[in-house]
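One structure is given below, encoded as structure tokens.
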Amino acid sequence: MWRRAWVNAVDQFEPRWPEPYRLVQNEGTGLLIQGTRDWTNYQVSATITPHLVTSAGLGARVQGMRRYYALLLGGDNKARLVKALDGQTILAEAHFPWHFGDTYELSLQVIGRHLQASIDGQLLFTVEDLDHPLTSGGVALICEEGRMASEAVTVQPTR
């Protein structure tokens with residue numbers, strides 16, 4: 001039943017895999033979404049294991065397939081904090097060497113217009129979005145062209 005609570009917008013999300021969350025997206029970007037537009041200030045964390053993927057990560061304040069903030073691991077050894085709204089804008093990026101098959105703990109905190117993103121407990125980005133910020137929305141696992149896995153997704157309120 002817990003699987004039905006997620007909005008499935010990926011090519012494959014099936015129960016037969018060893019991980020609780022295995023996403024496969026053949027073309028473009030797929031999201032596995034949980035939550036509502038009522039969610040405002042919170043921290044979402046998840047273990048992410050990228051497997052031959054263009055990019056994989058975690059979304060916050062998700063309002064649909066093209067409206068969200070995301071912390072992504074990209075194929076060019078970059079970590080990016082992006083905003084999807086009328087296209088995709090890179091809010092911050094940093095060199096972050098990662099490897100296919102390794103597991104990383106991604107965390108994204110959203111409070112008002114402020115975003116903080118960390119990987120494996122290391123704070124990478126602190127950003128204030130002043131240009132039409134997304135103020136509410138759910139969470140998502142995000143997979144762009146490939147396969148990724150996650151063992152757990154945690155959402156906690158912030159003050």
### Task
Normalising by the residue count of segment 1-134, find the relative contact order in percent from Cα pairs under 8 Å and 6+ residues apart.
19
### Summary
So, with points 7 Å from each Cα along the Cβ direction, the Glu27-Arg4 label distance in nm works out to 3.1
### Task
Kindly rank 132-141, 31-40, 97-106 from highest to lowest mean number of other beta carbons found within 10 Å of each residue.
132-141, 31-40, 97-106
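Bear in mind that the values in this text are calculations on the coordinates, not laboratory data. It should be emphasised that the depicted structure is a prediction, and the values quoted were computed from it without experimental measurement. With ideal geometry, Cβ positions are generated from the backbone for all residues, glycine too; neighbour counts draw on all protein chains shown.
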